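Worksheet: the structure to be examined is printed underneath.
No value in this document is a laboratory result; all are computed from the given coordinates. Model, not experiment: these values are computed from the prediction. When we count neighbours, we look across all protein chains shown, and the Cβ atoms used for this are built from the backbone with ideal geometry, even at glycine.
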Amino acid sequence: MPLPSYRAVEPLYIIIFRNNPQAESKFRSWIKEHRVEHAVVQGNRMMLHHQQALDRFMVTWRDNWDTITIWDTWNRQHIYID
């Protein structure tokens, strides 16, 4: 029995990659490398529609964390990474 596929209209998380002209290409290569299905990239922003995608991002992202901002759209607050 196939699992139902659900995609929220509004993303759960928006990840912003500041001060990097290659942000879009880096996000797209990360999505492809880690096989994330519920993600949309628009310029320097990546919208994640699933909690597991954010968890995978936080574990596997290898670039500079000082240029990353994560916005939680449901709680309307930033997620701070220490």
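In terms of the Cα gyration tensor, with a ≥ b ≥ c the square roots of its eigenvalues, is segment 17-79 rounded because a/c is under 1.5, prolate because a/b exceeds b/c, or oblate? Rounded. Less than 14 Å Cβ to Cβ from ASN19, Lys/Arg counted +1 and Asp/Glu -1: what total charge do the surrounding residues give? For residues surrounding ASN19, the net value is 0. With neighbour counts taken as other beta-carbon atoms within 10 Å, the residues LEU54, LEU48, LEU12 rank, fewest first, as LEU12, LEU54, LEU48. Using the average count of surrounding beta-carbon atoms within 10 Å as a protection proxy, the listed peptides 63-75, 34-46 rank, highest first, as 34-46, 63-75.
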